[in-house]
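Below you'll find the structure, written out as structure tokens, and then a few comments.
The values are calculated or read from the model by the stated rules, or taken from the named source; none is laboratory data. Computed from a predicted structure; not experimentally measured. Don't worry about glycine lacking a Cβ; one is built from the backbone with ideal geometry, like all the others, and counts go over all protein chains shown. To get the accessible areas, we keep the full protein, side chains included, count just its heavy atoms, and leave off ligands, DNA and RNA. Shrake-Rupley method; radii C 1.70, N 1.55, O 1.52, S 1.80 Å.
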Amino acid sequence: MQIQDVKLAVVGLGYVGLPLAVEFGKKRTVLGFDINPRRVAELKEGRDHTLEVDEAELAEAKQLSFSNEAEHLAQANVFIVTVPTPIDQYKQPDLTPLVRASETIGKVLKRGDIVIYESTVYPGATEEDCVPVLERVSGLRFNEDFFAGYSPERINPGDKAHRVSTIKKVTSGSTPEIADLVDALYGEIIVAGTHKAPSIRVAEAAKVIENTQRDVNIALINELALIFNKMGIDTQAVLEAAGTKWNFLPFRPGLVGGHCIGVDPYYLTHKAQSIGYHPEIILAGRRLNDSMGGYVVSQLVKGMTQRCIQVQGSRVLLMGLAFKENCPDLRNTRIVDIVRELGEYSIAVDVYDPWVDPQEAQHEYGIELVSSPAQGAYDAIILAVAHEQFVAMGSQAIHALGKPEHVLYDLKYVLKADEADLRL
């Protein structure tokens, strides 16, 4: 296959797939496929509820069409798979979306076709888990009749500076020739350039350690925050002082959620354990980061008690539910840990987030968002997400939401040290 012969389909139109499909749709004919008919309908109307792509960008992708009918995929000969790779309740990789996408593609796979995966997986998953599904369903033989590639996504939800085209892209293929073709294909849209990995397994490993490294580093800073809090030392002040050294890494303490940092390490640890190695540091970091919601609530309760505020039956405002600022993404948000932990103390919780779809919050977590917080009604306020609206409010307006005697806990260092009662 030559680059000019590529007929492209992007399978999965979420935070990763849609921006990719839009960029390609500015250059060549692309079919954007998603199994959710409502998602396809809104995109056909020029709307993206994830806010990753605006109406003007969608309109600019003049060669992009959308469908939720699997038979339409038959027109493509190169498929890019961008479906989620979550973990289950036991923190084990759940490859169900990846397997189902592979089955769907396998039904229309033809000789000479290429399937490129972007979903985050452990090293070996493409060739050991996905390719056998393609072979079984299609009846074709890998690297004889069809081929594969892997190019890990590097989407950062809500980030308008680092977009698909401006982030360097790792590429790979199942043969040297396919690797060249995959690299050339992405080279059409990635102005930041590409890095061709020597194998699919190397590309898979590179992706999974990107977020594992961040997770471990944040865990270290979280542990330092626990230590400094016990010593009565302001963690932010310590980090600012240490940050004057040129090679000090600028990580900050906090809750580690989202579909990447809080999930990807479990894919690597799963693979490590399957080959007989128990990863100590990675799992220790995960345990510490997963415990931070409970720690926040324990600190809040202590602060309320010290001010003689009745904990049981109190009312707390939680500002923010999305996993990060200035985006509506609720995937694996650890704010829910705080909500559940507060419930253990019989505390009434109002959750306010102007970025989040109330129906999605209810569907995903059973949380009913308040449309606006009540003035002077709260015994405690937790500033959990640094949305631009919250930053713009300032400390006076945020404090005004509390009762005359209340506790304000700033998790994101939005306010100055003397403007909040508690900080991580």
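Observations
- Cross-chain or 6+ apart pairs with Cβ under 6 Å, region 141-160 first and among the aliphatic types (A, V, I, L, M), then in a loop (DSSP other than H, G, I, E, B) and open to solvent by 20 Å² or more (accessible area, probe 1.4 Å): Ala148/Ser174; Ile155/Tyr15; Ile155/Val16
- Scanning region 89-122 for residues that are on the phi > 0 side of the Ramachandran plot and at pLDDT below 95 yields one hit, Lys91.
- So Leu330, is it touching a Ser or Thr at 6+ places or on another chain (Cβ under 8 Å) and under 22 Å from Pro84 (Cβ atoms): no
- Filtered residues of region 357-383 (kept if in a loop (DSSP other than H, G, I, E, B) and of a type in the set (S, T, N, Q)): Ser371, Ser372, Gln375
- The condition of being closer than 30 Å to His406 by Cα and either touching a Ser or Thr at 6+ places or on another chain (Cβ under 6 Å) or crowded, with 16+ Cβ neighbours inside 10 Å (or both) holds for only one of Leu283, Leu268, Leu288, that being Leu288.
- Total residues in region 98-147, condition in a helix (DSSP H, G or I) and either of a type outside the set (Asp, Glu) or touching a Phe, Trp or Tyr at 6+ places or on another chain (Cβ under 7 Å) (or both): 19
- Exactly one residue out of Leu369, Leu411 is over 23 Å from Gln306 (Cβ atoms) and touching a residue at least 40 places away in the same chain (Cβ under 8 Å): that is Leu369.
- Looking only at region 228-254, residues that are within 18 Å of Ala417 (Cα to Cα) and either free of Cβ contacts under 8 Å to residues at least 12 places away in the same chain or charged (D, E, K, R) (or both) come to 11 in all.
- Test: residue in region 256-264 that is surrounded by 16 or more Cβ atoms within 10 Å (Cβ to Cβ), touching a Gly at 6+ places or on another chain (Cβ under 7 Å) and part of a helix (DSSP H, G or I): no
- Close Cβ contacts (under 6 Å, 6 or more residues apart or on different chains) running from residues in region 199-210 that are farther than 11 Å from Ala179 by Cβ and open to solvent by less than 50 Å² (accessible area, probe 1.4 Å) to residues that are in a helix (DSSP H, G or I) and not charged (D, E, K, R) comprise Val208/Tyr267; Val208/Leu268.
- Among the residues listed as Ala361, Ala377, the single one being in contact (Cβ under 8 Å) with a residue 40 or more places away in the chain, surrounded by fewer than 21 Cβ atoms within 10 Å (Cβ to Cβ) and among the aliphatic types (A, V, I, L, M): Ala377
- Filter pass, Pro198 being part of a loop (DSSP other than H, G, I, E, B) and over 24 Å from the mean Cα position of the chain (by Cα): yes
- Pairs, first open to solvent by 70 Å² or more (accessible area, probe 1.4 Å) in region 382-398, second at pLDDT 95 or above, C-beta under 6 Å, six or more apart: Gln389/Pro354
- The set of residues in region 231-255 that are assigned to a helix (DSSP H, G or I) and open to solvent by less than 40 Å² (accessible area, probe 1.4 Å) comprises Thr235, Gln236, Leu239, Ala242.
- Those residues of region 154-191 which are assigned to a loop (DSSP other than H, G, I, E, B), out of contact with any helix residue (DSSP H, G or I) (no Cβ under 8 Å at 6 or more places or on another chain) and open to solvent by less than 20 Å² (accessible area, probe 1.4 Å), in sequence order: Pro157
- Residue in region 76-97 that is part of a helix (DSSP H, G or I), open to solvent by less than 50 Å² (accessible area, probe 1.4 Å) and over 30 Å from Arg286 (Cβ atoms) present: no
- Among the residues listed as Lys62, Lys27, the single one being without any contact (Cβ under 8 Å) to a residue 40 or more places away in the chain, part of a loop (DSSP other than H, G, I, E, B), more than 25 Å from Cys327 (Cα to Cα) and open to solvent by 10 Å² or more (accessible area, probe 1.4 Å): Lys62
- The one condition from (1) within 19 Å of Pro253 (Cβ to Cβ); (2) open to solvent by less than 30 Å² (accessible area, probe 1.4 Å); (3) assigned to a helix (DSSP H, G or I) that Leu342 does not meet is (1).
- One residue alone among Leu51, Leu18 is surrounded by fewer than 18 Cβ atoms within 10 Å (Cβ to Cβ) and within 24 Å of Thr166 (Cβ to Cβ), and that residue is Leu51.
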